[in-house]
Amino acid sequence: MTSLHDLMIRTPGLPCRLDPDPFFSDFALDRRYAARQCGGCPLLLACRLYALESEQRWGVWGGVDMTAVPTYCGTERGYRMHVRDGDVPCEPCMDTHAALVEARRREQLKAEHAKGGTVRGYEVHRRLGEPACEACLDAMREQSRGYRRARAQRGPQRPRSASRTSGPTAVLPSPQTGVQPLAVAS
């Protein structure tokens, strides 16, 4: 398949090649003029298709001012476009994304329940902001008991010292601040 760029090079007299400035102008009036110039272009549909597939958000492509095209707000795609562009997502996009995330978590929770309740299921319950079911809670309790048994088998841990240095320290005088502790290698 031939790319739009190749077609543009092979087609002489395209308005966007003769005077490209209005096609990417900051002024809407210039972009409207550019969109009218696309009317007789033989690459009109190919250019428009390219702009839609590559999600162009600026300039005139195939007679359409992409700056004025809605950004699909209220959809997951709109949410991703906000994030991609470094924008704070709008409320409809945030709501849609939150609903999608919750639906995915509910599907995951259903799979964990099919296994009879798991620690992962317990974590999903927590992420959903709901109390864990008894099966997932039992799995979490069993994991905690296992950690406690393993810790008990390792034996008592030596207490941590209050100082930041480990091992013996010697006190050396310092002319600026008096006496300071210094760790000594053993």
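For the range 1-103, what does the relative contact order come out to in percent, with C-alpha contacts under 8 Å and a separation of six or more?
Numbers: 105 pairs, mean separation 18.6, N = 103.
Normalised by residue count, the contact order of the range 1-103 is 18 percent.
Return one whole number: the accessible area per residue of the range 32-146 in Å², for a 1.4 Å probe.
On the way: 7110 Å² over 115 residues.
In whole numbers, the range 32-146 has 62 Å² accessible per residue.
In what sequence, highest mean first, do 56-63, 29-36, 99-106 appear when ranked by Cβ atoms within 10 angstrom? If you can, show how the numbers build up before the last one.
Numbers: 56-63: 19.2, 29-36: 16.5, 99-106: 12.1.
Put in order of decreasing packing, that is 56-63, 29-36, 99-106.
Would you give the gap between the C-alpha center of the range 10-89 and the C-alpha center of the range 104-131, rounded to a whole Å?
44
If GLU91, GLU112 are ordered by their accessible area, calculated over protein heavy atoms with a 1.4 Å probe, which sequence runs from highest to lowest? Walk me through the numbers before you get to the answer.
Numbers: GLU91 135, GLU112 20 Å².
Largest accessible area first, the residues go GLU91, GLU112.
With the full set of protein chains in place, find how many percent of the accessible area of the range 1-97 is carbon and sulfur; take the probe as 1.4 Å. The partial results should precede the final answer.
Numbers: 3720 of 6310 Å².
Ligands and nucleic acids excluded, carbon and sulfur reach 59 percent.
Amide H of TRP61: which non-local residues (sequence gap of 5 or more, or other chain) have their own amide H closer than 5 Å, using H built in the peptide plane?
MET66
Show me the GluC sites (Glu not before Pro) within the range 1-97 that DSSP assigns to loop and that have at most 14 other Cβ atoms within 10 Å of their Cβ. All intermediate terms of the calculation are to be shown ahead of the outcome.
Details: sites: GLU53, GLU55, GLU76; in loops: GLU55.
Sparse-neighbourhood loop GluC sites (Glu not before Pro): GLU55.
The values are calculated or read from the model by the stated rules, or taken from the named source; none is laboratory data. Computed from a predicted structure; not experimentally measured. Cβ: placed from backbone, ideal geometry, glycine included. Neighbour counts: every protein chain shown. Side chains are part of the model used for accessible areas, which takes the heavy atoms of the whole protein and leaves out ligands, DNA and RNA. Shrake-Rupley method; radii C 1.70, N 1.55, O 1.52, S 1.80 Å.
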